[in-house]
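Here is the structure we will look at, set down as structure tokens.
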Amino acid sequence: MDIFERIENNPGPLGEFASYADGEYIFPQLEGEISTRMVFKGREMIVFSLNNYLGLANHPEVRKIDAETGKAFGLAYPMGSRAMTGQTKYHQQLERELADFTQKEDALLLNFGYQGMFSLIDTLLTRNDVVVYDSESHACAIDGVKLHRGKRFVFAHNDIESFEKSLQKATKITNETGGGILVLTEGVFSMNAEQGKLKEIVALKEKYPFRLIVDDAHGLGVMGKNGIGTGEEQGVQNDIDLYFSTFTKSFAGFGAFVSGKASVIKYVKYNIRSQIFAKALPVTMVIGIQKRLELIKKNPQLRDRLWENVHKIQKGLTELGFDIGKTDTCITPVYIKADTLEATLIVKELREVHGIFTSIVVYPVIPKGLVMLRIIATAEHTDFEIEQLLLAFKSLKKESSHPPILIND
């Protein structure tokens, strides 16, 4: 069959909704400055869908440094990959600061989170190694695992018994091949909003010889007493071999980094193809991330405010009878039994009747027959805006012309 003919006949699990979902529920267009209030289809919405956790996107100091560095350096500097002509003192300084903040020996900047994770996995493994990963790992990790030429085992999400069985299989294979074991999990799982069981995973290092990578994109800056991440939250930051995170969430920027043992970071630096053969992260963003890191360290009240808002939302939704799963993070999932059409009607009502903008998640991200409304609180949301969110969900449950079937009912 012709490739294009196959594509046209099989648009994919999300593509099949494009005729009525494009621009509405998939690829919606929010306009205006990044804020708790933005415009969608000509109407102002209270937005609970942005990962701007600490409100740094439009923080005056952030806007100032971004403007100043943009004027001083432009967006092109430096030209070339860091291995050739893109190395700067600013990149090196930020790496030292990130290593210190995450309590590791060294760090390496990466251009993008998605690209960074899957290429990192490819860089670390040989065909003799075995990779063991959580079934609900982010797509970037799953795609990285697909590049692996050796054995791989997936364990049931946050199931330590399943994890240990995978370790037993992996150990048996590596005893024969002479390879090693790499374990992949997340600090915060971005869809179901649960913390990864890092403490329990780390405890098994006493029985099995493995190295651990933690993707903590949604934990950096918000989890733990000092915002170091989910490892700090669970008291195991020093036991994470490679700590990976991005600047697209609490840092309100772009790019990523990995930190860990200096010798390992040096190996990655000289072997990760996605960075060696790609243009360096613009200095404007590098210096901007330094400012964001400074603000995160100096302003714990931003984190405190965020968690106050998170707890208000989660408590309010639970009291209304909504199922928010097992969340113990800043992400609040609301699970509803509905098909895709019913789900779009629910979201439409939230927007058009109540002026509330939330993201909708359907199959294949979650099982068929379920819909998830994904609510993201930030430090910038006001008590009034949270009250409006809860009133909207109360109305949705009691008075909607398309009442959802709540899982807890």
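Divide the volume of the convex hull of the Cα atoms of segment 19-164 by its number of residues and quote the answer in cubic angstrom per residue.
228
What is the distance in Å between the Cα centroid of segment 58-129 and that of segment 223-243?
Cα centroid of segment 58-129 versus Cα centroid of segment 223-243: 20 Å apart.
Determine, for Tyr90, Tyr25, the number of other Cβ atoms within 10 Å of each Cβ, and report the residues in order from fewest to most.
The order, fewest Cβ neighbours first, is Tyr25, Tyr90.
Most exposed first by the Cβ proxy, i.e. fewest other Cβ within 10 Å, how do His91, His138 rank?
On the way: His91 18, His138 21.
Taking fewest neighbouring Cβ atoms as first place, the list is His91, His138.
Across every pair of different alpha-carbon atoms, what Kirkwood hydrodynamic radius in Å does the chain reach?
22.6
Please list, by residue number, every one of the chymotrypsin sites (Phe, Trp or Tyr not before Pro) in segment 277-342 that is coil in DSSP and has at most 12 other beta-carbon atoms within 10 Å.
Passing both the DSSP loop test and the Cβ count: Phe277.
Take the Cα gyration tensor of segment 258-409, multiply each eigenvalue by 5, square-root it, and list the three semi-axes largest first, rounded to whole angstrom.
Numbers: eigenvalues 290, 89, 43 Å².
Each semi-axis is √(5λ); the values are 38, 21, 15 Å.
So if I average 1/r over every pair of distinct C-alpha atoms in segment 78-281 and take the inverse, what Kirkwood radius in Å does that give?
Taking the inverse mean of 1/r over all distinct Cα pairs, segment 78-281 comes out at 17.0 Å.
Of Ser274, Val183, Thr230, which is farthest along the charge dipole of segment 78-281 in the positive direction, counting Lys and Arg as +1 and Asp and Glu as -1 at C-beta?
Checking the options against the dipole of segment 78-281, the answer is Ser274.
Using Cβ contacts closer than 10 Å as the measure, can you line up Ile201, Ile376, Ile34 from fewest to most?
Working: Ile201 26, Ile376 22, Ile34 16.
Least to most surrounded, the residues fall as Ile34, Ile376, Ile201.
Using the basic label-point model (7 angstrom from Cα toward the beta carbon), what is the Phe384 to Ile26 distance in nanometres?
3.7
Tell me the mean residue ellipticity at 222 nm calculated for the chain from its helices only (DSSP H runs of n ≥ 4, each -39500 (n - 2.57), averaged over every residue, nearest 500). If you can, show how the numbers build up before the last one.
Values: 15 runs with 169 residues, N = 409.
Roughly -12500 deg cm²/dmol at 222 nm, from the helical runs in the chain.
So which aspartates and glutamates can Lys89 reach, going by Cα to Cα under 13 Å and dropping same-chain residues fewer than 8 places off?
Here the aspartates and glutamates satisfying the reach criterion relative to Lys89 are Glu97.
In the structure displayed, which of Lys279/Lys348; Lys104/Lys151; Lys64/Lys326; Lys172/Lys337; Lys151/Lys225; Lys104/Lys169 lie more than 32 Å apart, Cα to Cα? Intermediate values should be presented prior to the final figure.
Values: Lys279/Lys348 41 Å; Lys104/Lys151 29 Å; Lys64/Lys326 39 Å; Lys172/Lys337 42 Å; Lys151/Lys225 38 Å; Lys104/Lys169 30 Å.
Result: Lys279/Lys348; Lys64/Lys326; Lys172/Lys337; Lys151/Lys225 exceed 32 Å.
Once you list every other residue whose beta carbon is under 11 Å from the beta carbon of Thr340, what net charge do they have if Lys and Arg are +1 and Asp and Glu are -1?
Details: positive: Lys368; negative: Glu16, Asp339, Glu342.
Counting the neighbours of Thr340, the net charge comes to -2.
So if I take the alpha carbon set of segment 1-101, get Rg, then get Rh from the Kirkwood formula, what is the Rg over Rh ratio?
Over the Cα atoms of segment 1-101, Rg/Rh equals 1.14.
Compute the length gained on full extension between Asp100 and Thr177: take 0.36 nm times their separation in residues and subtract their Cα-Cα distance, giving the result in nm to one decimal.
My answer for the length gained is 24.1 nm.
No value in this document is a laboratory result; all are computed from the given coordinates. Predicted, not measured: the structure shown is a model, and the values here were computed from it. Quick reminder, even Gly has a Cβ in these numbers, built from the backbone with ideal geometry, and neighbours come from all protein chains shown.
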